[in-house]
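First up is the structure itself, then whatever we jot down about it.
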Amino acid sequence: MRPQELEPEIEELLLRLMPDLADRWKGATEDEIERLETIAGRELPRFYRWFLLRMGHDPGPMGYPTLDFAAPTILSAYEKPLFPPAQRFFMIGYETNDMMPLHLLYDFEREARDDAMVTKRLSMGGAIHDQFETFREMIAWGQVLTHHVTTAPVCCQGFLIDDQGDALSKAHPVLESLGFTAPVPTGSRCGVYESDIAALITRARTDEPPGRHYFYLGGPDAGRLRSILGEVAAETSLEVKIDEWTPPLR
C-alpha cells in the first residue's frame, strides 16, 4: 500500500499546512523499517509505518527542535544499547537535549486507532510522562498549533470544563455548526479543528477523565474568537475560561 493510502487525512492536513513538505521530507528504507519491526517484536502501528515511509530520515519543516525521529538514530540507540529490547515500550523519538533527556516512546499496551499512546521516559527506565493517546494526535495537534493557530493575527488560550467528564463531546456539535471540521481522527482527550476563519486545538490529561481541556484558538480578531467561544458556552453546559490573549487585549 502506498504511503498516501495509509494515512490520507493527516497527509492532506500536513501538505496543506506546509506546501513545501513533500519536497523536503525523506522516508526510511524498507530494510530500516523491517529492522525496527524486528526490534519492536511486533507489527508496527499503521500510523508509524506511514510516518517512517514519509519522514523516517527527515521530517523537513515539520521537525521538532530537540527530538530526532530518524530511523538510523533509533536503530543506533538500540544497537549501543541505550534502550532495553522493546517489550511494552518502544522508542520512536531520541531526545538530544542532555539537560532533560526524556525520549519519546510508544506504549504498546495502550493501542488506539491504528496507533498507540506516546509517552516520555529516560532511556533505561523511570517514571513515564504520557503525552497523547496516539502519535497521530501529537503530530496533528502540534502542527496545527505551529502553522495555523499561532500564525493567526489573534489567538487566545484557556479551558473548556465539563464537570460531567467529557468536554469535547459537548463542544463538538457546536463547533460543527459553526463550520469547524476535524481533519484527523482523535479520541476524547485531544481536539483538532479548523474552519475558514479559525483553528482550535484542545488537550486533556491522559490520566484523568476528559472533562478539562486546555485550548488554543486562533483567528482574525478577538471579536470573532469571543463569538465562537460564546456559542460554545451558550449552547452547552461547558464552562469556558480564557486565560490569555496574544497579542494582549487593550
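The values are calculated or read from the model by the stated rules, or taken from the named source; none is laboratory data. The structure displayed is predicted, hence computed values, not measured ones. Positions of Cβ are generated from backbone atoms using ideal geometry, with glycine treated the same way; all protein chains shown enter the neighbour counts.
Worth pointing out:
- Residue count for the stretch 1-18 under the criterion of being within 19 Å of the chain's Cα centre (by Cα) and not in a helix (DSSP H, G or I): the result is 2.
So that you can scan it fast, the table gives a plain yes or no per residue for (1) among the hydroxyl-bearing types (S, T, Y); (2) in a strand (DSSP E or B); (3) surrounded by fewer than 16 Cβ atoms within 10 Å (Cβ to Cβ); (4) in contact (Cβ under 8 Å) with a residue 60 or more places away in the chain:
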{"site": "R35", "(1), (2), (3), (4)": "no, no, no, no"}
{"site": "T38", "(1), (2), (3), (4)": "yes, no, yes, no"}
{"site": "F51", "(1), (2), (3), (4)": "no, no, no, yes"}
{"site": "P72", "(1), (2), (3), (4)": "no, no, yes, no"}
{"site": "A77", "(1), (2), (3), (4)": "no, no, no, no"}
{"site": "M91", "(1), (2), (3), (4)": "no, yes, no, no"}
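- Restricting the stretch 182-205 to residues that are of a type in the set (S, T, N, Q) and free of Cβ contacts under 8 Å to residues at least 40 places away in the same chain, the residue that is nearest to E244 (Cα to Cα): S195
- Filter pass, L21 being modelled with pLDDT of 90 or more, surrounded by fewer than 18 Cβ atoms within 10 Å (Cβ to Cβ) and either among the aromatic types (F, W, Y) or within 30 Å of T181 (Cα to Cα) (or both): no
- Residue selection: G158 fails the criterion of being within 27 Å of P247 (Cα to Cα), outside the structural domain of Y106 (by TED's automatic domain parsing) and surrounded by fewer than 17 Cβ atoms within 10 Å (Cβ to Cβ).
- Scan of the stretch 206-250 for residues that are touching a residue at least 40 places away in the same chain (Cβ under 8 Å) and farther than 19 Å from V154 by Cβ, ordered by number: T206, D207, P209, P210, G211, R212, H213, E235, T236, S237, L238, E239
- All strands (runs of 3 or more DSSP E) inside the stretch 111-181 with 3 or more residues being free of Cβ contacts under 8 Å to residues at least 60 places away in the same chain and out of contact with any Gly (no Cβ under 6 Å at 6 or more places or on another chain): 115-122, 125-132
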